[in-house]
Amino acid sequence: MKIAVLIKTALDTSQLRVRDTVVVEETPLKISDIDRNAVEEAVKLKGQDKAYGVTVLKWGPLQRRIQEAENVLREALAMGLDEAYLVADEKLINASHAATAKAIAAVVKKVGADLVLAGEATVDNYTGQIPPRVAAELGWPVVTYVRELKVEGGKLVARRDLEDHVEVVEVPLPAVVSVTREINQPRIPTLLAIRAAMKKPINKLTLADLGISVEPKVSAAYKPLLMQRKKVVIKDGTPEEKAEKLIQYLKQEGVI
Amino acid sequence: MKTLVVYPSKELLYVASTLGGEVVALVFNEGEAEAIKGKAHRVVVANVDARLPDAVAEAAAKVAQGVDVVLLPSTKNGKTVGGLLAQRIGAELIVDATSLRVEGGALKAERYVFGNKAVATVEVPLPAVATVPPGRFQGEPPAVQTSVEKLQLDTAPKTRIVSVEEKARGAVKLEEAEIIVSVGRGFKKKEDLQMAFELAKVLGGQVGCSRPIAADLKWLPEEHWVGLSGKKVKPKLYLAVGISGQPQHIAGILESRIIAAINNDPSAPIFQNADYGVVEDLYKIVPILINKISKLKGQ
Ligand SMILES: Cc1cc2nc3c(=O)[nH]c(=O)nc-3n(C[C@H](O)[C@H](O)[C@H](O)COP(=O)(O)OP(=O)(O)OC[C@H]3O[C@@H](n4cnc5c(N)ncnc54)[C@H](O)[C@@H]3O)c2cc1C
Ligand SMILES: Nc1ncnc2c1ncn2[C@@H]1O[C@H](COP(=O)(O)O)[C@@H](O)[C@H]1O
């Protein structure tokens, strides 16, 4: 089964660069965590066929980010993907979600796939909208929030993890699936696999290569939330003394 | 101005009314239509299975013609329908909007981003789609005259629901709790959580947990799960026990008045996000706390 895995090169939210606003351009990129689960699932399901990664670069500055995105993709290749496609185009930096989905779908159409796997949501944006958007663009069914996946005879059986219940659904392939963190345990690549990944192809594409154009960018401003906590740390004394101190503080605050 | 509400609730209809103009609601059976009579100008009853996002998005796309804003609840199916619909009508989708208004032909909204470490102010052209988190907006939609109409679609959904299993649910309402004792992977066995329940009991609070406790280990039902992908809580005291304090957990407790933490690792990130931290083995200190606090309360 030929599989496309959607990999977001996301802002590393544990290393946000913050001044008056969030300085997106100086914040490093990393693989969006749950996309590792999507990669793992693809490696398990692909069988004799190929699985490839697709990234649309969203955060600028373009030139410097290309190198960072390649490093992220190497990680996914080391986990077992065969090839990667990096869509890097000035017009896609801070682009609308509609444009991002259009670019992703264009790569899938160009390369072909029986299944598209994505994460349930990204660490930086956390919206879960790209998988259904890509499905709409391709005209394929979408199954979101999947924590168990089986493929049997051209059909896909999935357990969807919803708020109050688990729903088992069946859809024909091709389809788009978004997975949760609980679906599997992503592998840690071996040194050998990391070295082998250096030789796997990363294909760079522009909008012109894909033959599409996109709508204007979206305007957004990011204001950091300054959370000032008191950060009082009680570390000396016996457990008894520490407990007493904590209780005193909480009483002073009037919360117990 | 015209707003379409899919999966309408009182809250969503209220938000729609604040945008002004006509409010259209899309529902999937007569009972739902009856329930919102008088709260929307038009109610459209579509003959599709409300549990199938593909089918709901198709119905919504039909009704969305000439609509400026589409509102949905921030549920998993709500967000899925939102993404499908937004792509079909070439619109932007703002997920988990914490404020919304229409001005000069654009939808202006705020939402938390970057693991809830920043607020984004976004402005997108109309038509636009947005999802609204539960409990964020409170108000009554004004009483209006309602007309009800039917929408017949002959869709053949590709998705088939094979079975549905209810998840275990109790009576936990973490969003309303004043005190929360929250547990993480610092607990070694499921039985040990009993300590946290006891501590919560003497404090008059409820028990929360990190994602792995509910999702991976399944030691507690998901209604206890706090964080970016779980409940957003705002107690006066949040006591994190054996929780490392990853940004995705912190994202759910930002609005707590006081955060306290117990962790045996002095470099655990939770201490950077807490008002009061205790570096100690939870197995040693929690029993002492239970003892001392119950005496205190007994006085
Ligand atoms: C997109 C995304 C969404 C997520 N959403 C959520 C979410 O909503 N909620 C959430 O919680 N997580 C979420 N996570 C997961 C999150 O990143 C962390 O993996 C998780 O919060 C860690 O849980 P933990 O603190 O219980 O476990 P760990 O990180 O393993 O921490 C256990 C802690 O216990 C301490 N400890 C161990 N033994 C003792 C002892 N005897 N006494 C005292 N302390 C002890 C350790 O020092 C450690 O700090 C999400 C992740 C992603 C990628
Ligand atoms: N720019 C992107 N490039 C490739 N895949 C993406 C991109 N953005 C989102 N995705 C995929 O869509 C999932 C959900 O993202 P989001 O809708 O942004 O929360 C991610 O986990 C990825 O699998």
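Quick rundown of the values:
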{"item": "Selection status of B:I262, β-branched (V, I, T) and more than 11 Å from ligand 1 (Cβ to nearest atom)", "result": "no"}
{"item": "In the stretch B:238-259, the residues that are touching a Phe, Trp or Tyr at 6+ places or on another chain (Cβ under 6 Å) and either within 12 Å of ligand 1 (Cβ to nearest atom) or within 12 Å of B:R211 (Cα to Cα) (or both)", "result": "B:G242, B:I253"}
{"item": "Residue in the stretch A:148-159 that is surrounded by the most Cβ atoms within 10 Å (Cβ to Cβ), counting only those that are part of a strand (DSSP E or B) and not aliphatic (A, V, I, L, M)", "result": "A:R159"}
{"item": "Test result for A:E68, within 15 Å of ligand 2 (Cβ to nearest atom), surrounded by 17 or more Cβ atoms within 10 Å (Cβ to Cβ), not hydroxyl-bearing (S, T, Y) and not in a strand (DSSP E or B)", "result": "no"}
{"item": "Sole residue being under 26 Å from A:K150 (Cα atoms), more than 9 Å from ligand 2 (Cβ to nearest atom), in contact with a helix residue (DSSP H, G or I) (Cβ under 9 Å, 6 or more places away or on another chain) and within 12 Å of chain B (Cβ to nearest Cβ), chosen from A:A121, A:A101, A:A78, A:A105", "result": "A:A105"}
{"item": "Matching residues, the stretch B:89-106, being away from ligand 1 (no atom under 16 Å from the Cβ), assigned to a loop (DSSP other than H, G, I, E, B) and at the interface with chain A (Cβ under 8 Å from one of its Cβ atoms)", "result": "B:G90, B:A91"}
{"item": "Members of the stretch B:172-182 found to be assigned to a loop (DSSP other than H, G, I, E, B) and either within 17 Å of the chain's Cα centre (by Cα) or closer than 21 Å to B:L26 by Cβ (or both), listed by number", "result": "B:V172, B:K173, B:A177"}
{"item": "Selection status of A:N94, surrounded by fewer than 20 Cβ atoms within 10 Å (Cβ to Cβ), within 13 Å of ligand 2 (Cβ to nearest atom) and either assigned by TED's automatic domain parsing to the domain that holds A:E152 or not charged (D, E, K, R) (or both)", "result": "yes"}
{"item": "Selection count where residues are more than 13 Å from ligand 1 (Cβ to nearest atom), outside any helix (DSSP H, G or I), under 16 Å from the mean Cα position of the chain (by Cα) and under 20 Å from A:L45 (Cα atoms), scope the stretch A:119-147", "result": "3"}
{"item": "Of residues in the stretch A:183-213 being surrounded by fewer than 19 Cβ atoms within 10 Å (Cβ to Cβ) and within 14 Å of chain B (Cβ to nearest Cβ), the one modelled with the lowest pLDDT", "result": "A:S213"}
{"item": "Count - residues of the stretch B:163-213 that are crowded, with 22+ Cβ neighbours inside 10 Å, within 16 Å of ligand 1 (Cβ to nearest atom) and at the interface with chain A (Cβ under 10 Å from one of its Cβ atoms)", "result": "1"}
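The values are calculated or read from the model by the stated rules, or taken from the named source; none is laboratory data. Just so we're clear, the structure is a prediction, and the values are computed from it rather than from any experiment. Backbone-built Cβ (ideal geometry, glycine too); neighbour counts: all protein chains shown.
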